[in-house]
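Enquirer: After the structure tokens below, expect a handful of questions from me.
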Amino acid sequence: MYMSTDEIRRAFLKFFESKGHQIVESSSLVPADDPTLLFTNAGMNQFKDCFLGIEKRSYTRATTAQRCVRAGGKHNDLENVGFTARHHTFFEMLGNFSFGDYFKDDAIAYAWEFLTDVLKLPQEKLLVTVYETDDEAFDIWNKKIGIPEDRIIRIGDKKGGKAYESDNFWQMGDTGPCGPCSEIFYDHGEEIWGGRPGTPEEDGDRFIEIWNNVFMQFNRHADGTMEPLPKPSVDTGMGIERISAIMQGVHSNYEIDVFQKLIKATAEVIGYDDLSNQSLRVVADHIRSCAFLIVDGVMPSNEGRGYVLRRIIRRAVRHGNKLGAQGAFFYKLVGVLADVMGTAGEELKKQQELVEKVLRIEEENFGRTLERGMTILTEALDNLDGKVLDGETVFKLYDTYGFPADLTNDVAREREFSIDEEGFEKAMEAQRQRAREAGQFGTDYNEAIKVDTQTEFCGYTGTEGEGAVDAMFVEGEETDSLSAGDKAIVILDETPFYAESGGQCGDTGVLKTASGLFKVSDTQKLGNAFAHYGVLEEGVLAKGDKVHAQVDADRRIASALNHSATHLMHEALRLVLGEHVVQKGSLVKAEGLRFDFSHLEAVKPEELREVERIVNKQIRINHEIETNIMDIESAKAKGAMALFGEKYDDQVRVLSMGDFSTELCGGIHAKHTGDIGLFKILSEGGIAAGIRRIEAVTGEAALDAVEAQANQFEEKLSEAAARSKSLEKEIQQLKDKLASQESANLANNVKEIAGVKVLVSQLNGAENKALRGMVDELKNQLGSGIIMLGNVAEGNKVGLIAGVTKDLIGKVKAGELVNMVAQQVGGKGGGRPDMAQAGGSDPAALPEALKSVDSWLAERL
Ligand code: SER
């Protein structure tokens with residue numbers, strides 16, 4: 001019976017829903033609040049606290065189709081990808097879970113019913129394993145289900161390994177929930193190489209594990225102790241790609257519908273024909289992890305999760321290049337992927353443009369990295385004494401230039417050099433050590449500080465409260481008392497201090513007893529306990545002491561305003577820029593707010609102004625800010641904005657500001673939007689490909705910002721005024737200089753007609769206003785004479801002026817002279833006998849008109 005991957009996904013969830021399971025959405029690939037985990041690597045991750053009994057939900061049975069990445073940390077399949085039939089960096093795990101509800105009996109019966117009844121797999125194709133000592137599971141399979149003994153295989157601990165190190169004892173990581181498991185295998189048939197589980201050939205592709213049923217019984221601590229869970233539970237996982245292969249009658253995951261389409265698309269964008277090439281599989285696998293990691297907010301970078309993403313992208317690009325890809329190609333697969341993923345691809349569709357951009361830029365940058373690395377490597381090889389490239393150089397290429405070691409190896413090999421792998425490993429190990437010391441992943445709160453208690457938060461309505469000291473830690477060690485000067489973490493049974501969460505920073509303030517004063521500089525969550533970080537400034541503090549807890553109210557209020565404004569801005573951004581705006585990060589402090597979101601280009605100044613206007617309008621409307629607790633389904637029905645992939649309890653807090661904004665949020669907010677007072681954006685900029693950041697302030701800080709801007713503006717304005725004044729002065733001086741120079745030049749053109757000094761001249765571009773001054777100046781220079789100047793000023797306006805010294809006005813009148821010329825240039829004029837001005841509109845006629853002056857004067861002198 002053929003079933004598509006999408007059909008299988010739906011059938012699985014429906015089957016378990018019919019068995020009383022709540023269908024829960026896949027959680028993000030970035031695990032929420034779990035520093036022990038690099039990526040979500042199993043369906044049970046989002047339920048970790050339910051198994052531990054720390055978190056209670058309204059259901060005790062759940063089912064999911066969880067997206068997982070295994071490319072780092074305890075479960076890492078990266079290097080196997082493409083080279084086996086069934087390893088992936090990204091896969092989907094179908095799972096059913098019981099939190100202290102059913103146990104082995106039902107788990108086994110359900111799995112069997114789904115496989116043999118719903119999917120109709122032939123029983124004889126299936127065999128199972130159990131943990132060596134798990135007689136109970138053995139008997140259920142044998143007696144209740146009827147599997148013959150020879151198809152139930154007991155698997156013990158690995159030889160030479162630690163206790164419980166076994167394929168049939170599942171552990172999430174070095175710490176956390178774990179237990180014995182029973183795996184179901186499918187026999188792909190004799191023609192495929194491979195042996196039964198537990199045999200030396202078990203790694204072949206004939207017997208494939210399809211479903212793991214974990215019987216969760218313990219919480220493993222860092223020191224190896226196995227603490228029994230409050231109630232035995234069940235965690236199962238079936239890789240959807242593996243079961244798809246079976247239902248589609250193929251022997252490799254890469255032959256199922258999803259991968260066939262991706263492999264074809266990859267071959268097309270690269271321009272490569274042989275669809276069986278392993279590099280195509282690598283690329284088809286990697287686009288899945290890369291695209292979904294970006295959807296879940298991971299960006300390529302040089303550390304942590306971002307670095308793993310970068311490595312996977314680079315690995316894909318290298319395999320593409322091997323097949324002859326020209327230019328960026330990887331990003332072109334995103335659209336195809338969104339289509340083939342069916343219901344699991346919906347969010348990717350929404351964020352497609354962003355994912356494409358991030359990948360394209362990363363590919364282009366990597367192209368440059370490759371070029372630079374090749375130059376350095378070629379030079380190193382050219383100058384090498386001997387045939388072995390030292391490990392330090394390989395490491396430097398890798399570490400500083402991002403040039404992968406396997407590539408260095410390839411290039412060296414082509415030129416018949418080898419690389420010092422041991423030296424490289426040594427340098428790598430030293431770096432790993434540095435990373436560990438820098439406290440990267442792998443630290444566990446269970447390990448650092450063991451806090452099992454739960455703090456009651458009483459701070460939504462006020463900033464003061466009474467609590468008792470549950471536990472205290474100094475440098476990670478639990479202690480019963482503190483003395484003045486101790487830097488410590490104090491856990492209370494009840495507190496008004498908000499612990500950092502949802503982007504909002506932890507509260508600051510003081511804890512007081514009759515004798516002691518503990519100054520709190522930050523509040524963080526440790527599991528379900530609230531940890532007050534700070535210093536005991538005075539007196540002593542002991543476990544069990546009653547304290548009066550007092551939050552710094554000013555800072556709290558300022559943060560609350562910023563948090564409420566963040567919600568308003570989020571909605572305003574979606575209104576102004578579009579629905580594609582997705583929150584990618586948020587930081588709310590007393591000083592201001594920071595909001596990161598997806599948008600492919602810089603936000604234009606007018607768009608920022610529009611966002612500001614909308615937010616300020618909503619502030620003036622003065623909505624009451626309401627909080628309501630409801631179940632997640634009702635919240636979604638109400639249209640509450642939830643962050644994609646964020647982990648929400650089934651009872652959620654819904655925050656609404658009129659009908660403008662409805663979001664799921666556990667943070668602290670103003671009572672009315674009007675409390676925000678004023679909202680002001682300080683800056684907008686890009687922080688990664690396709691991700692923008694806005695920083696803004698509210699309340700007093702917004703007023704300060706406006707005032708500072710006004711002051712700045714005023715300063716700039718008076719600076720500009722002073723400057724323009726001094727420029728004007730300079731211009732005047734230059735003009736005067738020019739005028740006297742022009743007059744001097746003009747004086748050289750003086751001729752005589754009938755013994756009278758005459759000056760006729762055309763100026764171009766002088767100001768008509770300046771002509772009078774020039775004529776005065778020229779009259780002075782000539783002492784006795786006649787002056788006629790024509791000028792073509794800006795705008796093609798002709799300006800004319802005539803000047804006659806007093807002794808000559810009996811013979812020639814300036815008014816007549818200027819009029820004679822004016823008539824020839826489309827104007828007319830007149831004036832006093834010694835000085836007369838006129839205008840004209842025909843500059844082209846001016847030269848001829850001025851030429852006529854000589855004969856006109858000759859007649860009169
Ligand atoms: N957690 C188990 C696994 O990942 C079963 O879901 O195999």
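The values are calculated or read from the model by the stated rules, or taken from the named source; none is laboratory data. These figures come from a predicted structure and were not determined experimentally. Please note: Cβ atoms are built from the backbone with ideal geometry, for glycine as well, and neighbour counts cover all protein chains shown. Surface areas here come from the heavy atoms of the whole protein model, side chains and all, with no ligands, DNA or RNA. Shrake-Rupley method; radii C 1.70, N 1.55, O 1.52, S 1.80 Å.
Enquirer: When you check PHE16 against the structure, is it of a type in the set (Phe, Trp, Tyr), at pLDDT below 95 and within 14 Å of the ligand (Cβ to nearest atom), yes or no?
Expert: Numbers: of a type in the set (Phe, Trp, Tyr): yes; at pLDDT below 95: no; within 14 Å of the ligand (Cβ to nearest atom): yes.
Criteria not met by PHE16.
Enquirer: Among the residues in segment 153-173, are any among the small types (Gly, Ala, Ser), within 14 Å of the ligand (Cβ to nearest atom), part of a strand (DSSP E or B) and open to solvent by less than 10 Å² (accessible area, probe 1.4 Å)? Talk me through it step by step, then tell me what you get.
Expert: Within segment 153-173, the subset among the small types (Gly, Ala, Ser) is 156, 160-161, 163, 166, 173.
Retained after the next criterion (residues that are within 14 Å of the ligand (Cβ to nearest atom)): 166, 173.
Okay, now just the ones that are also part of a strand (DSSP E or B), so 166.
From the residues that got through so far, the ones that are open to solvent by less than 10 Å² (accessible area, probe 1.4 Å) too are none.
No, segment 153-173 contains no residue that is among the small types (Gly, Ala, Ser), within 14 Å of the ligand (Cβ to nearest atom), part of a strand (DSSP E or B) and open to solvent by less than 10 Å² (accessible area, probe 1.4 Å).
Enquirer: Moving on to the next point. Which residues, taken from segment 175-197, are more than 13 Å from the ligand (Cβ to nearest atom) and within 39 Å of the chain's Cα centre (by Cα)?
Expert: Our first condition is that a residue be more than 13 Å from the ligand (Cβ to nearest atom); within segment 175-197, this holds for 175, 185-197.
Hit for segment 175-197 is THR175, nothing else.
Enquirer: Oh, and also: Just the residues that are open to solvent by 80 Å² or more (accessible area, probe 1.4 Å) and either assigned to a strand (DSSP E or B) or farther than 18 Å from VAL798 by Cα (or both), please, taken from segment 758-776.
Expert: ASN764
Enquirer: Of the numbered conditions (1) under 20 Å from ALA770 (Cα atoms); (2) in contact (Cβ under 8 Å) with a residue 24 or more places away in the chain; (3) not in a strand (DSSP E or B), ALA849 satisfies every one except a single condition; which is it?
Expert: (1)
Enquirer: When you scan segment 191-211, how many residues do you find that are assigned to a strand (DSSP E or B) and charged (D, E, K, R)? Even if it seems obvious, please write down each step before you answer.
Expert: Initial filter on segment 191-211 (assigned to a strand (DSSP E or B)): 207-211.
Okay, now just the ones that are also charged (D, E, K, R), so 209.
The total comes to 1.
Enquirer: Considering only residues of segment 340-356 that are open to solvent by 50 Å² or more (accessible area, probe 1.4 Å) and touching a residue at least 40 places away in the same chain (Cβ under 8 Å), which is farthest from CYS68 (Cα to Cα)? Quick ask: steps written out before the conclusion?
Expert: As a first pass, look at segment 340-356 and keep what is open to solvent by 50 Å² or more (accessible area, probe 1.4 Å): 343, 346, 349-350, 352-353.
Imposing the further condition that a residue be touching a residue at least 40 places away in the same chain (Cβ under 8 Å) reduces the set to 343, 350, 353.
Numbers: THR343: 16, LYS350: 20, GLU353: 22 Å.
Across segment 340-356, the extreme among qualifying residues is GLU353.
Enquirer: Just one of (1) within 16 Å of the ligand (Cβ to nearest atom); (2) part of a loop (DSSP other than H, G, I, E, B) trips up VAL214, so point out which.
Expert: Of the numbered conditions (1) within 16 Å of the ligand (Cβ to nearest atom); (2) part of a loop (DSSP other than H, G, I, E, B), the odd one out for VAL214 is (2).
Enquirer: I'd like to verify a number: residues in segment 254-276 that are crowded, with 16+ Cβ neighbours inside 10 Å, more than 12 Å from LYS332 (Cβ to Cβ) and polar (S, T, N, Q), how many?
Expert: 1
Enquirer: Restricting attention to segment 199-228, which residues are surrounded by 14 or more Cβ atoms within 10 Å (Cβ to Cβ) and either of a type in the set (Phe, Trp, Tyr) or over 39 Å from the mean Cα position of the chain (by Cα) (or both)?
Expert: Those that are surrounded by 14 or more Cβ atoms within 10 Å (Cβ to Cβ) and either of a type in the set (Phe, Trp, Tyr) or over 39 Å from the mean Cα position of the chain (by Cα) (or both): GLU202, GLY204, ASP205, ARG206, PHE207, TRP211, PHE215, PHE218.
Enquirer: If only one of ASP106, ASP77, ASP34, ASP49 is at pLDDT 90 or above and of a type in the set (D, E, K, R), which one is it? Walk me through it before giving the result.
Expert: Values: ASP77 fails: at pLDDT 90 or above; ASP34 fails: at pLDDT 90 or above; ASP49 fails: at pLDDT 90 or above.
Being at pLDDT 90 or above and of a type in the set (D, E, K, R) holds for just one of ASP106, ASP77, ASP34, ASP49, which is ASP106.
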